[in-house]
Every structure is written in structure tokens, then in C-alpha cells.
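The block underneath contains the structure these notes are about, expressed in C-alpha cells.
The values are calculated or read from the model by the stated rules, or taken from the named source; none is laboratory data. Model, not experiment: these values are computed from the prediction. No Cβ is skipped: glycine too gets one built from the backbone with ideal geometry, and neighbour counts run over all protein chains shown.
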Amino acid sequence: MASMVRWVEQGLTLLADPGMMRPTMNLRGKTVLITGAAKRLGREIALTLAGRGADIVVHYSRSFKEAETLGKEIRCLGVQAHLVQADFNPMRAGISKQVRDFAKKVFRKTSSVEVLINNAAIFYPTPFETISEKDWDAFMTINLKVPFFLAQVFGLRMQNQKEGKIINLADWTGERPPLRFIPYAVSKAGLVSVTKGLAKALAPHVQVLSIAPGPILPAEGATMKEQKLAAEKSLLKRYGNTKDIANAVRFLIEDSDFMTGSTLYVDGGASLV
Ligand SMILES: NC(=O)c1ccc[n+]([C@@H]2O[C@H](COP(=O)([O-])OP(=O)(O)OC[C@H]3O[C@@H](n4cnc5c(N)ncnc54)[C@H](OP(=O)(O)O)[C@@H]3O)[C@@H](O)[C@H]2O)c1
């Protein structure tokens, strides 16, 4: 009897505080836009979220064949896949216009986007002595300005819908820039800061988060020695798996509703070494 009274009391407390009753986001029937989704981490995230019942907008730039294959695999899971191409070009003026043009293409395929995953990025070594302005412009544009303007366009619509999540793929190296990757690491540090700014701009209905992966997939062209070194640099002495990141993305969307502006480190402890 006493426990029943407690149960009723708890129920009344929940009713008195509607905030406590807010359900977490259920991906079934939602539309998720993933940039750079055709391969590698983007592909794993797409398949994981499609497996939860979300329709996926697969953004790609050059990987048309891989995007097509992924689209077929997504549709086999009983949900929709929309392929949208865009090459964001730092050499062309007006990156915000390039993003708006891309958004128009997206909204020709779907009427709403509830989740944006800013996954596309560039990554290459920039030895200190040779870093050029062109390198800085490329990293700042593709890894920082594009995610920001995408979040502006799609986030404002989410705000109107009173629902949305934005997840930015950062990197633990943003915290401690490796010598040969300064512009890349700085762009990712900027993305963590942008995440906090966007969380403020889009609160309370849209949550903005970032994930800071450690070594998951070696960069294309990385030598065995470089790969071994990256693993040794983590506390767990190994590479993570693409599923580690995809599961973290899914968790932030479906299982967390009181996080915004924060960064989840999925780095095998690399940032602590
Ligand atoms: N891999 C890791 O271990 C690791 C570690 C830490 C952080 N991260 C971060 O996690 C995310 C995914 O990693 P990843 O290794 O899978 O990424 P990735 O293979 O390096 O790049 C993902 C996609 O970005 C797209 N992209 C690049 N430049 C573009 C441009 N100018 N315009 C439009 N799209 C462009 C490419 O699409 P197309 O192929 O269609 O051209 C590419 O496939 C990235 O943000 C990365 O920085 C990854």
C-alpha cells in the first residue's frame, strides 16, 4: 500500500513538471541528414540510424558510387534514402550561399530534417614550415564554416519545428594539436566552440552536441608506422571501431535529452595521454 502511495505521488510530481515528462527523440519516421555519408564513419552512422527507423539524406561530394550503394542498403532496411550531392569549395566565394543552395536541394527531396550530423571534413598533414594560407582557408571552411552554416540553415528550421538535434564530428586533437596537423586540430577546436555557441543560439528546442573520436579509421594513405603510433598514443592501445562512433551518435539522439553544448569523447583515452 505504502509503495502504491509513493508511486502515485511520483506520478503527480511528474505531471506537475511537464519538463520531466519530455520524451527523448525516437528516430522512427525522422529524417537525418549526414554530410560526407558515403564512406567510412558517415556510412556506419547512416546504417545505424536507418536501422533505428530514420530516413537518411546521404550527402556526398565525389563518392557517387559509394553513395548509391549505401542508398540501396538503407532502403533494404525499410526506410528512405535521399542522395544529395554538393562539393563545398573554399576557393569559391560565398560558402553560406553554397550551403543554402545545398539546403534547397535537400528540401526538394524531403519536407523536414530533424537531425543534422556534420560529419564531412578534410584531413591531411601540414608540416609547420609549409603551412600556407590556402591550407588555413581549406580547413577553416570545410571543417568549421560549412558545419556552422549548415547548422544555421537547418537549425533555424528545427527551432520552428520545436524539435531537433545537431551533432558535430570533432576530434580529441582539437584539445592538443599534433605538430603536423595544426590547422586541422584548430578547426576541430573551433567546432567544439561552435557547438557551444549553437547550443545557446538554438535552445531550448534544439540540442547541439559534438563527438570527439580518437583513432577509428586510419587516414587514407597512412603508413603502418603512423597507424601503430596512433594506437600506441591512446590509453587503450588500439583503434576504436566505426560502431563506437555510430553508437555514440545514436545515444546522443535517442537516449539523452538533457545534454546540449557538450562534447562526448570516444577516444580510447587518447586525450589523456
Ligand atoms: N577517421 C577517424 O579515425 C577520425 C578520428 C577523429 C575524428 N574524425 C572525424 O570524424 C568525421 C568522419 O571521419 P572520416 O575519417 O570518416 O572522414 P573522411 O573520410 O575524411 O571524410 C568524410 C567525407 O567528407 C566529404 N568531404 C570532404 N571534403 C568535402 C567538401 N569539400 N565538400 C563536401 N564534402 C566533402 C567526403 O565526401 P566524398 O567522399 O563524397 O567526396 C568524405 O568522404 C570527420 O569529421 C573527421 O574529422 C575521424
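List of remarks:
- Restricting attention to the stretch 242-258 and to residues that are polar (S, T, N, Q) and more than 10 Å from the ligand (Cβ to nearest atom), the residue that is nearest to the chain's Cα centre (by Cα) turns out to be N247.
- Any hit, the stretch 183-192, residues being of a type in the set (D, E, K, R), assigned to a loop (DSSP other than H, G, I, E, B) and either out of contact with any Phe, Trp or Tyr (no Cβ under 9 Å at 6 or more places or on another chain) or surrounded by 19 or more Cβ atoms within 10 Å (Cβ to Cβ) (or both): no
- Checking the stated criteria, V266 turns out to be out of contact with any Ser or Thr (no Cβ under 6 Å at 6 or more places or on another chain) and either β-branched (V, I, T) or more than 11 Å from the ligand (Cβ to nearest atom) (or both).
- Selection over the stretch 29-43 of residues that are over 14 Å from I167 (Cβ atoms) and not in a loop (DSSP other than H, G, I, E, B) gives a count of 3.
- Here M158 fulfils each of the conditions (1) within 15 Å of the ligand (Cβ to nearest atom); (2) part of a helix (DSSP H, G or I); (3) of a type in the set (A, V, I, L, M, F, W, C); (4) buried (at least 19 other Cβ atoms within 10 Å of the Cβ) apart from (1).
- Some residue of the stretch 127-139 being touching a helix residue (DSSP H, G or I) at 6+ places or on another chain (Cβ under 8 Å), in contact (Cβ under 8 Å) with a residue 60 or more places away in the chain and crowded, with 16+ Cβ neighbours inside 10 Å: no
- So E232, is it more than 12 Å from the ligand (Cβ to nearest atom), acidic (D, E) and within 18 Å of G268 (Cβ to Cβ): yes
- Contacts under 7 angstrom Cβ, first residue in the stretch 30-42 being closer than 15 Å to F102 by Cα and at pLDDT below 95, partner outside any strand (DSSP E or B) and more than 6 Å from the ligand (Cβ to nearest atom), 6 or more apart: none
- Comparison of S234, S210 shows that the only residue that is of a type in the set (S, T, Y), assigned to a loop (DSSP other than H, G, I, E, B) and surrounded by 13 or more Cβ atoms within 10 Å (Cβ to Cβ) is S234.
- Pairs linking a residue in the stretch 196-221 that is over 18 Å from F148 (Cα atoms) to a residue that is of a type in the set (D, E, K, R) and near the ligand (Cβ under 7 Å from one of its atoms), with Cβ atoms under 8 Å and 6 or more positions apart or on different chains, are P213/D171; L217/R40.
- Single unsatisfied condition, G261 versus (1) in contact (Cβ under 8 Å) with a residue 12 or more places away in the chain; (2) away from the ligand (no atom under 12 Å from the Cβ); (3) of a type outside the set (D, E, K, R); (4) not in a loop (DSSP other than H, G, I, E, B): (4)
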